[in-house]
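To start, the structure itself, in structure tokens.
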Number of protein chains: 4
Amino acid sequence: MAKVAVVFHSGYGHTQRMAQSVAQGAGAELIGIDADGNLTESGWESLAAADAIIFGSPTYMGSVSWQFKKFADASSKPWYTQAWKDKIFGGFTNSANVNGDKHSTLHYFMTLAMQHGGIWVGTGLNYNNTKASQRSDLNYLASSAGPMAQTAGDASAAEMNPGDLETARRFGARIAELASRFKA
Amino acid sequence: MAKVAVVFHSGYGHTQRMAQSVAQGAGAELIGIDADGNLTESGWESLAAADAIIFGSPTYMGSVSWQFKKFADASSKPWYTQAWKDKIFGGFTNSANVNGDKHSTLHYFMTLAMQHGGIWVGTGLNYNNTKASQRSDLNYLASSAGPMAQTAGDASAAEMNPGDLETARRFGARIAELASRFKA
Amino acid sequence: MAKVAVVFHSGYGHTQRMAQSVAQGAGAELIGIDADGNLTESGWESLAAADAIIFGSPTYMGSVSWQFKKFADASSKPWYTQAWKDKIFGGFTNSANVNGDKHSTLHYFMTLAMQHGGIWVGTGLNYNNTKASQRSDLNYLASSAGPMAQTAGDASAAEMNPGDLETARRFGARIAELASRFKA
Amino acid sequence: MAKVAVVFHSGYGHTQRMAQSVAQGAGAELIGIDADGNLTESGWESLAAADAIIFGSPTYMGSVSWQFKKFADASSKPWYTQAWKDKIFGGFTNSANVNGDKHSTLHYFMTLAMQHGGIWVGTGLNYNNTKASQRSDLNYLASSAGPMAQTAGDASAAEMNPGDLETARRFGARIAELASRFKA
């Protein structure tokens, strides 16, 4: 079995709930980035040992939160020796709107993974909305680079859309399966 | 008054209807790119004479249609002499899903405008979705780089969302106003 | 005359020197983001009063530094009331390599400006490299969205390329001219 | 051994030469997109049978050539049934300048691969330019998402930079190796 780690920052608990769904699907360890943008030493060790690393961040002002970016900047240390080369990478994000530049966040995750010499895996979910489509459908938000969730600005984490969370869970499962296949 | 031109490709009529809303808001001339990716000579002359150029394309396979791209490649002729420098530019897109990589299309439009030495104007519309938000709200799709429309894959142009079309109309008006102010 | 502000973060002095060139061209005020990602209150006031805001950051791990991102996240306060709407925006970046994902940094700047309802201005400089092109040519790095500088990882700010700095200076002048024309 | 296919469009022969280097490294079949943006039927069959698909295009006006985009749009047929799901993907591009928005082309390739449910592999090459760096160094252009080549506008394909071509060759080898490992 591949070892998967989810490293994420959450401002108000929504991205954390999404991270839990991803981790549940992947059988992954959850590694939180704190409010100052720091990881524990054991968090860094888990990332070093992982076969797959999944990034998670809310989308704030058109990209990852500054706390996630502080983690990304600190990852220049493993980058320098390409210590994370050939790991599997993926990423997910939540924001208050259906678009709201979440694509920009996911493409930043991809850029970061490529700098680390990684291998990027997206949702692997098709989408072709029809009039009969429901908000709770799998991948209703129609993202291929990684799962998106949308939670209204005045909705709590408990009110997150079940389809978005199930999309996140399946994405986690996909990462774990591909990482295991790649490791074998 | 500034002269505004909307140059667009439409595969099945949805982007055309969106173009009409933008043009109505802007008092703009509509210039269609045909099914072979060509413009008439008078279309090119209108673009040369315009103070503002607005790009429109469906999002197909994660970016503009090939017909729009053929137009973009042909615009290397005015690019070569920077004939479109300092014009105002904007862009819009429609696809079957709420995301579906429409952000990628808009960022391509921005890249093209920058190569032409242009000035980019987005929707200028804030968004901060709440639980009370309605699909027909202005800028419900929450895009800042340019207006997005989403029309289900089995819905006709006549069935487009009125909020999306009103967002397009106001964007046209914004471009015309800023172009006039800039021209003065 | 338009009031232009350059708000930047610099890790090792290279982006600061580039910021000085931009500010010289624009007749702009320089507003530094500190090592903790904070601005002074008077810095925020200058941004509120400016007709044009120019962003500057090194490219670290594929995007702006976390300190710049912390500033961007804090700009959600003026964003909330769209207080910066219709200002002119631009941006610039330096890194150790000719590419190194600097385009990603510039597109993040554009995304941020669009969220603020701004108007984006790029370099307005054509490029069409030939065998006779020199590293010190204007816009040798061939960027349209905003000026780029490249300074080897072991070179000091004093060793920056004069062509890159002149590109930055002209960009500043362009922003000031367009902002003045737009303000009139 | 994994089966690798390189599908590319070349306007003036430079991208073709780069494609040959990639194909040499990968032991891949070369599939040309013609001047009308079309593939032969046997080209489509080779793509269907491949374990890995590598995209190649010049960067024209800030993204792939329209001929490549026509191929991408036609790939909506395999996309519809997700026939290319879980294949390995990569991409490369050439243009006349060191930047010139080549990053935009590579990110479009990534977007296309993600829509197909693919797995993206970049150069896996670190970069950290110093004053001693030479133009012929491996990955001198410093791209992680995929190899870039830069060939002056007045230089023939025969005059392409040997470091750029070697970077392309090693990228091909990397794709073949990872695809074989993934297939096993």
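The number of residues in segment A:32-62 that are among the aliphatic types (A, V, I, L, M), open to solvent by 60 Å² or more (accessible area, probe 1.4 Å) and closer than 27 Å to C:Tyr108 by Cα comes to 1. Of all the residues in segment C:141-159, those that are open to solvent by less than 10 Å² (accessible area, probe 1.4 Å) and either within 22 Å of B:Ala184 (Cα to Cα) or away from chain D (no Cβ under 12 Å) (or both) number 0.
Need the failing condition index for B:Ala72 against (1) of a type in the set (Gly, Ala, Ser); (2) more than 14 Å from chain A (Cβ to nearest Cβ); (3) in contact with a Gly (Cβ under 6 Å, 6 or more places away or on another chain), just the number. Going through the list (1) of a type in the set (Gly, Ala, Ser); (2) more than 14 Å from chain A (Cβ to nearest Cβ); (3) in contact with a Gly (Cβ under 6 Å, 6 or more places away or on another chain), B:Ala72 breaks only (3).
Just one of (1) more than 13 Å from chain D (Cβ to nearest Cβ); (2) under 27 Å from B:Ser75 (Cα atoms); (3) crowded, with 18+ Cβ neighbours inside 10 Å fails for C:Glu177. It is (3). So is B:Ala72 closer than 22 Å to B:Ile175 by Cβ, open to solvent by less than 10 Å² (accessible area, probe 1.4 Å), assigned to a strand (DSSP E or B) and of a type outside the set (Phe, Trp, Tyr) or not? So B:Ala72 fails the test. Give the residue that is most open to solvent (accessible area, probe 1.4 Å), with candidates limited to residues of segment B:76-107 that are hydroxyl-bearing (Ser, Thr, Tyr) and out of contact with any helix residue (DSSP H, G or I) (no Cβ under 7 Å at 6 or more places or on another chain). Checked segment B:76-107; the qualifying residue most open to solvent (accessible area, probe 1.4 Å) is B:Tyr80.
Evaluate segment C:18-31: report whether one residue or more is open to solvent by 60 Å² or more (accessible area, probe 1.4 Å), more than 13 Å from C:Thr105 (Cβ to Cβ), assigned to a helix (DSSP H, G or I) and in contact (Cβ under 8 Å) with a residue 12 or more places away in the chain. Among the residues of segment C:18-31, at least one is open to solvent by 60 Å² or more (accessible area, probe 1.4 Å), more than 13 Å from C:Thr105 (Cβ to Cβ), assigned to a helix (DSSP H, G or I) and in contact (Cβ under 8 Å) with a residue 12 or more places away in the chain, which makes the answer yes.
For segment C:140-162, the tally of residues that are within 19 Å of D:Lys102 (Cβ to Cβ) and in contact with a strand residue (DSSP E or B) (Cβ under 7 Å, 6 or more places away or on another chain) stands at 6.
One residue alone among A:Gly13, A:Gly62, A:Gly25 is out of contact with any strand residue (DSSP E or B) (no Cβ under 9 Å at 6 or more places or on another chain) and within 14 Å of chain C (Cβ to nearest Cβ), and that residue is A:Gly62. C:Asp137: surrounded by 14 or more Cβ atoms within 10 Å (Cβ to Cβ), touching a strand residue (DSSP E or B) at 6+ places or on another chain (Cβ under 9 Å) and among the acidic types (Asp, Glu), yes or no? It is false that C:Asp137 is surrounded by 14 or more Cβ atoms within 10 Å (Cβ to Cβ), touching a strand residue (DSSP E or B) at 6+ places or on another chain (Cβ under 9 Å) and among the acidic types (Asp, Glu). For segment B:157-184, a tally of residues being under 21 Å from C:Val121 (Cβ atoms), touching a residue at least 40 places away in the same chain (Cβ under 8 Å) and of a type in the set (D, E, K, R) returns 2. Among all positions in segment C:32-54, there is no residue which is closer than 14 Å to C:Gly172 by Cα and hydroxyl-bearing (Ser, Thr, Tyr).
Can we say C:His9 is touching a helix residue (DSSP H, G or I) at 6+ places or on another chain (Cβ under 7 Å), open to solvent by 20 Å² or more (accessible area, probe 1.4 Å) and at pLDDT 95 or above? So C:His9 fails the test.
Restricted to segment D:28-55, and to residues there that are among the small types (Gly, Ala, Ser) and in contact with a helix residue (DSSP H, G or I) (Cβ under 6 Å, 6 or more places away or on another chain), the residue that is farthest from D:Gly118 (Cα to Cα) is D:Gly37. Selection of first residues in segment D:108-134 that are more than 13 Å from chain B (Cβ to nearest Cβ) and of second residues that are hydroxyl-bearing (Ser, Thr, Tyr), restricted to Cβ pairs under 6 Å at least 6 apart or on distinct chains, gives the following pairs, ordered by first then second residue: D:Gly122/D:Ser144; D:Thr123/D:Ser144.
Determine the pairs where a residue that is more than 13 Å from C:Tyr108 (Cα to Cα), located within segment C:63-89, has a partner that is crowded, with 17+ Cβ neighbours inside 10 Å and among the polar types (S, T, N, Q) with Cβ atoms under 7 Å apart, the partner being 6 or more residues away or on another chain. From segment C:63-89, the pairs are C:Trp79/C:Gln115; C:Gln82/B:Asn126. Tallying residues that are in contact (Cβ under 8 Å) with a residue 24 or more places away in the chain and over 15 Å from D:Gly56 (Cβ atoms) within segment D:135-147 yields 7. Inspect segment B:163-180 for any residue being among the β-branched types (Val, Ile, Thr) and within 13 Å of B:Gly27 (Cα to Cα) and give the result as yes or no. Looking through segment B:163-180, at least one residue is among the β-branched types (Val, Ile, Thr) and within 13 Å of B:Gly27 (Cα to Cα).
The values are calculated or read from the model by the stated rules, or taken from the named source; none is laboratory data. Since this is a predicted model, take the numbers as computed values, not measurements. All Cβ positions, even for glycine, are placed from backbone atoms using ideal geometry, and neighbour counts span all protein chains on display. These area figures cover heavy atoms from the full protein model, side chains too; ligands, DNA and RNA do not enter into them. Shrake-Rupley method; radii C 1.70, N 1.55, O 1.52, S 1.80 Å.
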